[in-house]
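Structure record follows, encoded as structure tokens.
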Amino acid sequence: MKGYLGIDVGSVSTNLAVIDEEGTVLCHRYLLTHGQPIRAVQEALREISTYLPKGMEIRGVGTTGSARQLAGVMVGADVVKNEITAHAIGTTHFFPHARTILEIGGQDSKIIIIRDGLVVDFAMNTVCAAGTGSFLDQQALRLGIPIDQFGRYALRSKSSARIAGRCTVFAESDMVHKQQIGCNLEDIIAGLCEALVRNYLNNVAKGKEILESIIFQGGVAANEGIQSAFEGELGKKIYIPKFFNVMGAIGAAFLAQEQMDGGGKTHFKGFEVINLHCKTRSLECKECENECEIVEFSIGEEVTAYWGDRCGKWENKL
Amino acid sequence: MSVKVGISRGLLYYRYFPLWQTFLQELGCEVILSTPTTKQMVSQGAGVAVSDLCFPVKAYFGHILSLKDRVDLLFVPRYISIEEDAYMCPKFLGLPDMVANTIQPLPPLIDYPINYKGRKKATESLFYEKVGKLFSRDLKKIRRAYQVGLERQGNFRCLQQRGVSFEKALDLSLSSSDGPGPQREVNAGEPTIGLVGRPYYLNDPFLNKGISEKVMARGYRIITTESLTETEVNRQISKLSKRVYWSFGKEMVGSALHFAGDPEVKGIINLASFGCGQDSFNSEIVSYHVKRMGNTPLLSLIFDEHWSDGGLVTRLEAFLDVIDRQGKLNRKGKG
């Protein structure tokens, strides 16, 4: 049996997915990155290897997410792609009629506009990460509610509290204020969900035409409160796909399949990378005044890759 | 010994350097140009600047800091208006004041104004006569220096309008006084990306984080705002319900509209500055009209003094993927 592996290493979670030749998702993992992308990828690979059918051959690997380059070098990726393309490829496979993708992840949020199965426009949050997963995590912790209960609390609210959502700092002080004047937790959480949705629609989705079908994915899609706030604000049905939190990884797997259909042999180093001692080191190149930050990647004692330089001197060194 | 005049490699250097340098050299000055923008310059410039200035002005301060101790005079002209019914950015109007009040001690500044308003065409020649009088009493010599400068400046802009890159156009126009050689480059069939922005964003690879190289590395050809003639810009601007008040704003909006109507241009990238009041609505006008005119994909990028280019790479890659995938489908459809 043959399959393709997709790896999405984001700021908060590291996700893996394996698809077969027909595009069926065979297995997937969602793990927290905890600021250690190398360890997270190794752990996720270890877990997924136990779920794979016997004799499974990985014919191609794709990586995406903010640590896509690091993960790509580490496992030997055939294609390294940005998360916008990866998400769009994954989603349009399952929802050929999708015209809008709302994606909210750990530290970024994006909107992807699709027409006739092709991406025609997109936007990502710029200077502000208000309303992404990290902020929700932080607030759940502060309120002493497990994050997976957050959405349920919001749905129980009868009358949501008005929270300012344009900045996490203001949102937090607003929430504290509402607690102090006696609003109940459900109403505050529902208010927060609405504030985040308003912030997203006014900033990230500003000027974009949100047409149905609308697909909502990324880690934050697990929060029913946000889904219901989106439906309330847009007056449209929002679909949450089964694989909402690993869609980037699935897209990366499809991209790997597309790449390998063009011929060639995979660069995948195999599941042995689980046990390799990988480390990175950063250094500042002093050879010119650009002073690029170079990342050095080594396996054991051997340096296997450099990146981060503008001129390519380091990148082409090996 | 000749007088050393310092010119910062920033802001309007990217538009007027052939004229400035030629004029000053013809009058016997030694022109000292700062080096290309470096990280250190930007850090130092941002360190002395008030925080709400835009990134290019902060970088400009860094250039001044690197020059001030090795020149006799600093050339910081006050560009107020260069054409009828349009102004330069307020930061240019106040540039000599900002420089003088931010960085001290400084060598004397050459900061005469260029203001089209009320003076019409004579404004530029009067400016150069004033500057010239600092170095010569011979008015004929000054006027001739200005004429030679204008000729090279004309050649430089003409080369840019034929699609020659900034660096190459600069070299060619300064190395000989012959008219521009190369004709407008013929498109070899590579898909084209239109780059919209101000001269200093389009041409300083430190400010734009090497965007041109990044786009070309993906197999695209680039044309920029600077490749349009004034007539071409005005033709587009005249279609708007209201004129654009800023000279560079006019060029940006005009070129974006021109690119949107050019079937060879497969995508438009708009370069804007964080904290720039003009860009905030220029970008809106651009995106409104590009969308209205059809379906040319548009990417708006906002730059500031952030070092990391991770965010830029992600957006740019995704944007070019959009164009690649549309192109593939079109070819399939035709085949």
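The values are calculated or read from the model by the stated rules, or taken from the named source; none is laboratory data. Note that the structure is predicted; figures quoted are calculated from it, not measured. In this analysis, Cβ positions are derived from the backbone assuming ideal geometry, glycine residues included, and neighbour counts consider all displayed protein chains. The area values use the complete protein model at the heavy-atom level, side chains included, leaving out ligands, DNA and RNA. Shrake-Rupley method; radii C 1.70, N 1.55, O 1.52, S 1.80 Å.
Within 10 Å of the Cβ of each residue in B:226-238, the mean number of Cβ atoms contributed by other protein chains is 0. If R₀ is 51 angstrom, what is the calculated FRET efficiency for the pair B:GLU151 and A:ASP116, using the beta carbon separation as r and rounding to 0.05? With a Förster radius of 51 Å, E is 0.45.
Scalar couplings 3J(HN,Hα) for region B:163-170, obtained by applying the Karplus form with A = 6.51, B = -1.76, C = 1.60 to θ = phi - 60°, are x, 6, 5, 3, 4, 5, 5, 5 Hz; x denotes Gly and Pro.
Spatial offset of region B:201-217 relative to region A:89-158 amounts to 31 Å, using the alpha carbon center of each.
Explain nothing, just the number: dipole magnitude of region B:192-334 about its Cα centre with +1 on each Lys and Arg Cβ and -1 on each Asp and Glu Cβ, in debye rounded to the nearest 20.
780 debye
By accessible area of protein heavy atoms, probe 1.4 Å, what ranking do B:VAL48, A:VAL295 get, highest first?
Numbers: B:VAL48 60, A:VAL295 40 Å².
Per-residue accessible area, sorted high to low, gives B:VAL48, A:VAL295.
Dipole orientation for the protein assembly as shown: of the candidates A:LEU45, A:SER66, B:GLN236, B:GLN236 has the Cα lying most toward the positive pole (charges on Cβ; Lys, Arg +1; Asp, Glu -1).
Karplus-derived 3J(HN,Hα) values for region A:148-160, using 6.51 cos²θ - 1.76 cosθ + 1.60 with θ = phi - 60°, are 6, 8, 3, x, 5, 4, 4, 5, 7, 6, 9, 8, 6 Hz; glycine and proline are entered as x. Whose amide H sits under 5 Å from the amide H of A:VAL120, counting only residues 5 or more places off or on another chain, with H placed in the peptide plane? Counting only residues 5 or more places away or on other chains, the set is A:ILE113, A:ILE114, A:ARG115. Of the accessible area of chain B, computed with a 1.4 Å probe over protein heavy atoms only, carbon and sulfur atoms account for 52 percent.
Less than 5 angstrom separates the built amide H of A:THR14 from those of A:LEU31, A:LEU32, A:THR33, all sequence-distant by 5 or more or on a different chain.
Note that region A:26-40 has calculated 3J(HN,Hα) couplings of 7, 7, 8, 10, 10, 10, 7, 6, 6, x, 10, x, 5, 5, 5 Hz, one per residue in order, obtained from phi through the Karplus relation 6.51 cos²θ - 1.76 cosθ + 1.60 (θ = phi - 60°); glycine and proline are x. Applying a DSSP loop filter and a limit of 15 other Cβ atoms within 10 Å to the GluC sites (Glu not before Pro) in region B:6-115 leaves B:GLU84.
Treating only the Cβ atoms of Lys and Arg (+1) and Asp and Glu (-1) as charged, compute the dipole magnitude of region A:96-240 about its Cα centre; round to the nearest 20 debye. Please report the intermediate quantities before stating the final value.
Values: 15 positive and 16 negative charges, 47 e Å.
Around 220 debye, computed over region A:96-240.
Among B:71-77, B:191-197, how do they line up by average Cβ neighbours within 10 Å per residue, starting with the highest?
On the way: B:71-77: 20.7, B:191-197: 24.0.
Top to bottom by mean Cβ count within 10 Å: B:191-197, B:71-77.
Less than 5 angstrom separates the built amide H of A:GLY105 from those of A:LYS110, A:GLY133, all sequence-distant by 5 or more or on a different chain. State which entries of A:LYS158/A:LYS206; B:LYS68/B:LYS117; A:LYS206/B:LYS291; A:LYS81/B:LYS209; B:LYS4/B:LYS140 exceed 25 angstrom in Cα-Cα distance in the structure shown. Pairs exceeding the cut-off: A:LYS158/A:LYS206; B:LYS68/B:LYS117.
Taking 19 Å as the straight-line reach from the Cα of B:LYS168, the aspartates and glutamates in range (excluding those fewer than 8 positions away in the same chain) are B:GLU151, B:ASP178, B:GLU185, B:ASP204, B:GLU213, B:GLU226.
Counting protein heavy atoms only and a 1.4 angstrom probe, how many square angstrom of accessible surface do chains B and A bury in total, to the nearest 100? Summing both chains' loss of accessible area gives about 2000 Å². How many angstrom lie between the C-alpha centres of region B:272-290 and region B:5-82? Centre-to-centre (Cα) distance: 26 Å. Its Cα gyration tensor gives the protein assembly as shown an equivalent ellipsoid, and the semi-axes of that ellipsoid, as √(5λ) in whole Å with the largest first, are 49, 29, 25. With no solvent and one equal point scatterer per Cα, compute the Debye intensity ratio I(q)/I(0) for region B:4-175 at 0.10, 0.15, 0.18 Å⁻¹ and report its log10, rounded to two decimals. Result of the Debye calculation: -0.38, -0.89, -1.28. Here's the picture: charge each Lys and Arg Cβ at +1 and each Asp and Glu Cβ at -1 in region A:59-186, and of A:SER157, A:ALA140, A:THR168 the one pushed furthest to the positive end of that dipole is A:SER157. If you take every residue apart from A:ILE147 with its C-beta less than 14 Å away from the C-beta of A:ILE147, what net charge results, scoring Lys and Arg +1 and Asp and Glu -1? Summing Lys/Arg as +1 and Asp/Glu as -1 gives -1. Projecting the Cα atoms of B:LEU12, A:GLN217, A:ALA253 onto the charge dipole of the protein assembly as shown (Cβ charges, centred on the Cα centre) puts B:LEU12 farthest toward the positive pole.
Please report the net charge: other residues with Cβ closer than 15 Å to the Cβ of A:ALA71, K and R +1, D and E -1. Let's see the in-between values first.
Values: positive: A:ARG29, A:ARG39, A:ARG46, A:ARG68, A:LYS81, A:LYS269, A:LYS279; negative: A:ASP8, A:GLU43, A:ASP78, A:GLU83.
Taking every other residue near A:ALA71 into account, the sum is +3.
Given +1 at the Cβ of Lys and Arg, -1 at the Cβ of Asp and Glu and no other charges, the dipole of chain B around its Cα centre is 640 debye to the nearest 20. Across region B:192-334, the relative contact order, built from alpha-carbon pairs under 8 Å that are at least six residues apart, equals 25 percent. The residues of region B:4-175 expose, per residue, 42 Å² of accessible area to a 1.4 Å probe.
Per residue of A:119-125, what is the mean number of Cβ atoms on other protein chains within 10 angstrom of that residue's Cβ?
On the way: counts 8, 5, 8, 7, 3, 4, 1.
If you average over the peptide's residues, the count of other-chain Cβ atoms is 5.
Just need the relative contact order of chain A here, percent rounded to a whole number, with Cα pairs under 8 Å and 6+ apart. Intermediate values should be presented prior to the final figure.
On the way: 682 pairs, mean separation 69.5, N = 318.
Across chain A, relative contact order equals 22 percent.
Counting only other chain Cβ atoms within 10 Å of each residue's Cβ, the peptide B:309-318 averages 5.
Over region B:141-292, the Kirkwood radius and the radius of gyration, each from Cα atoms, give a ratio Rg/Rh of 0.98.
With both partners inside chain A, how many of the DSSP beta bridges are antiparallel, as a percent to the nearest 5?
Working: 37 of 52 bridges.
Expressed as a percentage, antiparallel bridges in chain A total about 70.
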